[in-house]
Structures are given as structure tokens and as C-alpha cells.
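What follows is a set of notes on a single structure, which appears directly below.
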Amino acid sequence: MKVLIIGGVAGGATAAARLRRLDEKAEIIMFDKGQHVSYAACGLPYFLNEKLINDDKRLIIRTPEEFRKKNNIDVRINSRVTSINREDKKVEVEDITTGIKYIESYDKLIISTGSFPFRPNIPGIDAEGVFTLWKIPDGIRIRKYIREKKVRRAAIVGGGAIGLEVAENLVESGVEVTIVELSDHLIAPIDAEMALPVLKYVMEKGIKVILNDGVTAIEKGDSGLTLRLKESKSEIGADMVLMSVGARPQSELAKETGLVLNERGFIKTDEHMRTSDPDIYAAGDVVEVKNFITGKPASVALAGPANKQGRIAADNIAGIASRYGGIQGTGILKIFDMTVAFTGLSEREAQKQGLPYDKVLTYHHPHAGYYPGGQDMAMKVVFEVPTGKILGAQIVGYTGVDKRCDVLAASIRMGATAHDLTEFELAYSPPFGAPRDPVNTAGTVIENILEGKMKKAEWNAVEAMPEEGALFIDVRSGDDISVSTIRIEGFERIPLEELRSRLSGIDKNRPVYIHCKNGKEGYFASCIMRQEGFNVSNLDGGSLFRECSLCGCGKEVEV
């Protein structure tokens, strides 16, 4: 059997290696039009910081020569597949260095051509000093430009994961950074309220952030580059610009050969990673698969799914009926000392899909409270009503974020409910967690809501309701050293320890809304009042969430 693979990196290289392990006799040829066939694309933002990665060779996972020696795979770099003849099962290949074209036949074909960075059609997009970061040569060019031009100011267009990771590493290298983001919050996969602490934190680190605005032009002048903004009608000066505004599937070859694509240009595949041609498979950023939770068509540019898809394509070519269950969209990023992680559906996506859902917002210490160090992490969990099935989670914090996200990601994959979360027996020792882990706590909070043991309310709902009739109570303790200096207008202060003795003075005919620091003491207070006949609701997230939404950083525009 002769198998051709177009494209390497996560999807193609994984497929090649897996296929060789399954079939020692197969002839495997892998083509890549670039210089590197197997490299750590996710490490490129960190390559810009020479203190972290000082040699581009550290990003190379396996060279063509290593593929030949260790895997007996014929890897041809600087080789572009220009056409596919499906009827005769042949491809035309161009050697980019010599211009020579030749034909290769195949029994099976895998397309793993990936994606390419989107470059909006604006004046000045091709000016010197305007970059995208996608491959190792991009990183080398950017590092050289920074060093030779003595870059001190950088503008990043796009506030997603790559944009933020680049921002961190440029700041660590002594560069002033401004981020311009078209939407109303950073990091698109998470909900707006979860992005607020991220925004506040990056601004504290000296990064200027402009939201709800786009770039209309980039102009080259004697003093560097000038970015003109659409909404604010202002301008930003910079020595270099990084465009990080998303990607598009590199599917022109598939389109020209007549494979079925969706309206966005992704190659349609079945659960075996087979395209509309039974002898052609596809994997990675270029494919449409399905969303694991909704079952609807989906695509996402993540290394983990690409790796799995490449393996499954190889399995099926070798006669193993492997199936890809779908994309879940689990991701994580580091921003200085902060960690942001997410998995499954956001609230925005659940709402868009018309699912019966609810969500909880809780705050947790990453380990035992008495053990020194550690800062609260904010955790938002989206769940199905009335089953309590976990649909998605987002966590923002410092330490311990990754492992909680991984537990929740596995929970979603296994179809777990809130009740399952409460029963998980997770590793505990004072430096690492608590006897009841934040994941357990999220499960109990959801259970309390579903079983009617607690009513919750959201801050925006309280703000929208008429003031007449409702009572608002702040139950934070006066001796709590973490009590905020912010007093939320309209709330009467009745500390939890005084609540029982003061219930007789509270009108039971009026709805009551309670808040505390993080929701925990508010829940205790609501239990007391509910059993005494009050119509009481606990405000989701407590004052920690409210203070973040009131901080004003989301409304600032610094130029």
C-alpha cells in the first residue's frame, strides 16, 4: 500500500508515524511546502522571548532525516502538491527549490494542509514591520526585526490566545504593547464576564488594551508605523505590528479536486476522518468534524484534536475502524502568572444553540486556606437543566487552574452530571487542594440549585429590577480582612453572624437578595432565611465578581 500525506505538523506527522507503527510494509511519503515538517507551532510566541527559547532548533520535534531513519518515512520538504487526480489516484508535486514537477501515485491519501493566518484587506497590511506568527520562519523574522530595528513599541491586532501570549513575551523583552480587539472582550472562547479579570490583570502589567475597535489602515512613516482605528477615530504609534485576527482553512487543493467543503471552506469528513472521496482522508485545522456536545458541525485549530484526527485517519487506512468523537474545544493559556482555561460550551454558545441550561459562578482557593500562597480562582460551569449534565467550564486564576479544567474536560467527555462532580475523589494534600475540591464544590452548588435548596440571581437582573419592594442585604463579616472597600449601593449591611438575631425586623413579604464576598456565606444566609419563610436569592459570584464588573477597565481606552 502506498500512502501520500500532504502536510505535516500535528495532523500529518502523527498520521505518518502511526501508520508506520501499524504497517511496516506500507510506502509512506509526506510532502510539506515549508522547511519544517514536525515542529512546535504552539511554542512560537515564547520563541520571541530570547530569555526563554534562544534557538529555533528547540522547536523542531522531528527532522526529515529522523523520519527516514527512525520511521522509514520519505519526507519531502519544500514540496508543494499542485493538483490531485482522483480518477487516476495521482498527485502532481512541485519541488519549490528547483521548480521541477513530477507525478506520484497513491492508494490512499491524507490531506493535512492546516490553516493560514487571516490578513484583512486594509491599506498598509504589507508594509515592512507588519507580521503574522504562524511558522518558525515567521518567528525568526520577527526576532531579527526586533533586534535590528530596536523595537520599543508593538501593536497587536487581536486579543486571542496568540495575541496575549505574544504580548506577554514582548513585555518580558522590554517592549511596550498595545492590543486592539474588535469584540467587547479578550479571549473569544470564554464569556465576557470571565474575561474581565484577564483584562484588568494585563492592564496592570502595563499592556494597553483597546476593545470594540478595529484597524482601518496601517501607515509607514519616518517615526515608524501608525495604526488608524475605526470607532475611536484615533491612532496608535508602533515600531512593529502583529496581526493575530484568526485563521482560514488551507483547502484550495481540496476544493480544486472536487472534495466536499462547507460554506467556510473546511473539508467535510465523517467520524473516520474520511472525506467525500473514500480513498482520501483529512485531519487537523483544515477539516470540519462535529461538536462533541451538540453533535453539530464544528472546526477548531487546536493541536490536540489534530493529533487525534491524524491517528484515527491512519488507523482506518490500516483497517482499524477508529472513530473521532468530536471536538470539545478545550484550551489553556498562560498570561504572566495568570492562567485561563476553558472546555466545552460557553454560556454564549449554549444560548446560541437554544439549549436548556443554567450556570454557576464560584470562587475557590487552589489549596487548603491555611497553607501559605495561592489566590482565588474564578470558576464558571455551564450545565444542562434539569439533568445537571456538565456542558462547559471556564476558569481564571493562578495556580491549580489547569488540573481543575482537565477534570471538568474529562467529566464532559464521560457525560458526567453535577452529582458525579460531588462524588469525585480527587488528590488532596494541603499544598495542592482541599478535602472538598473546587470541582466537588461546583457540583454541590449546581445540585443545590437543581434541587431547590438555593435560588440564585445575577447582578444584571438585580440592576434591572425596580427598587420598590426588594430588599438587598450584604452579609459579609466586618472582621473579614478581605472585605472590599467597595460598598455596593442599596445593600444593607447585616453580617452573617448577626442575621438570625435580626430576622424579626425583615419583612417576609418582600423578596430578598443577598451577597457576600464569593457566594459561600450568601448561601449560608439564604439557607437560614429560606427555612424561616423568606423568598431569598443569593447573588452569583458575590462581591468579587461585582467588583470586577465595576472596576471600569473594560470601558477604558488608552492610546
- Note on the structure: Summing -39500 (n - 2.57) over every DSSP H run of at least 4 residues in the chain and dividing by its residue count gives a helix-only mean residue ellipticity at 222 nm, to the nearest 500 deg cm²/dmol, of -8000 deg cm²/dmol
- Where only protein heavy atoms count, and the probe is 1.4 Å, what is the accessible area per residue for the range 304-446 in Å²? 41 Å²
- Check: the chain dipole with +1 on Lys, Arg Cβ and -1 on Asp, Glu Cβ, in debye: 1160 debye
- Separation of alpha-carbon centers, the range 339-417 and the range 202-254, rounded to whole Å: 32 Å
- Looking at Thr275, Ile293, Gly258, which one has the Cα that reaches farthest to the positive end of the dipole of the range 246-316 (charges on Cβ: Lys, Arg +1; Asp, Glu -1)? Ile293
- Message: Taking the Cα centre as origin and putting +1 on Lys and Arg beta-carbons and -1 on Asp and Glu beta-carbons, what dipole magnitude results for the range 358-443, to the nearest 20 debye?
- Response: 120 debye
- Return one quarter of the surface area of the convex hull spanned by the alpha-carbon atoms of the chain, equal to its mean projected area, in nm². 29.1 nm²
- Of all accessible surface on the range 358-475 at a 1.4 Å probe, what whole percent is carbon and sulfur? 56 percent
- What accessible area per residue comes out for the range 56-98, rounded to a whole number of Å², with a 1.4 Å probe? 63 Å²
- Task: Just the number, please: percent antiparallel of the DSSP beta bridges in the chain, rounded to the nearest 5.
- Result: 55 percent
- Message: Using the Cα centre of the range 133-216 as the reference point, and only Cβ charges (+1 on K/R, -1 on D/E), how large is the resulting charge dipole? Debye, rounded to the nearest 20.
- Response: 720 debye
- Note on the structure: Pairs over 24 Å Cα to Cα, from Lys230/Lys380; Lys33/Lys150; Lys25/Lys69; Lys352/Lys389, come to Lys230/Lys380; Lys33/Lys150
- Task: Take the Cα coordinates of the range 62-120, assign each an equal point scatterer, and use the Debye formula without solvent to give log10 I(q)/I(0) at q = 0.13, 0.15, 0.24, 0.29 Å⁻¹.
- Result: -0.46, -0.61, -1.13, -1.17
- Item | Environment charge at Pro137 (Cβ cut-off 15 Å; Lys +1, Arg +1, Asp -1, Glu -1) | +2
- Query: Any idea how far apart Ala303 and Ala188 come out in nm if each label point goes 7 Å out from Cα toward Cβ?
  - Reply: 2.1 nm
- Note on the structure: Ranking Ser223, Leu211, Thr422 by how far each Cα lies towards the positive end of the charge dipole of the chain (+1 on Lys and Arg Cβ, -1 on Asp and Glu Cβ), the top one is Ser223
- Message: Quick check on packing: order 280-293, 230-243, 381-394 by the mean number of other C-beta atoms within 10 Å, highest mean leading.
- Response: 280-293, 381-394, 230-243
- Accessible-area order (highest first, 1.4 angstrom probe) of the listed residues Trp134, Trp459: Trp134, Trp459
- Note on the structure: Counting only protein heavy atoms and rolling a 1.4 Å probe, one gets per residue an accessible area for the range 148-244 in Å² of 40 Å²
- Compare the Cα positions of Val37, Ala368, Pro511 along the charge dipole of the chain (+1 at Cβ of Lys, Arg; -1 at Cβ of Asp, Glu; about the Cα centre) and return the one farthest towards the positive end. Val37
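The values are calculated or read from the model by the stated rules, or taken from the named source; none is laboratory data. From a predicted model like this one, the values you see are computed outputs, not experimental measurements. Quick reminder, even Gly has a Cβ in these numbers, built from the backbone with ideal geometry, and neighbours come from all protein chains shown. Heavy atoms of the whole protein, side chains included, go into the accessibility calculation; ligands, DNA and RNA do not. Shrake-Rupley method; radii C 1.70, N 1.55, O 1.52, S 1.80 Å.
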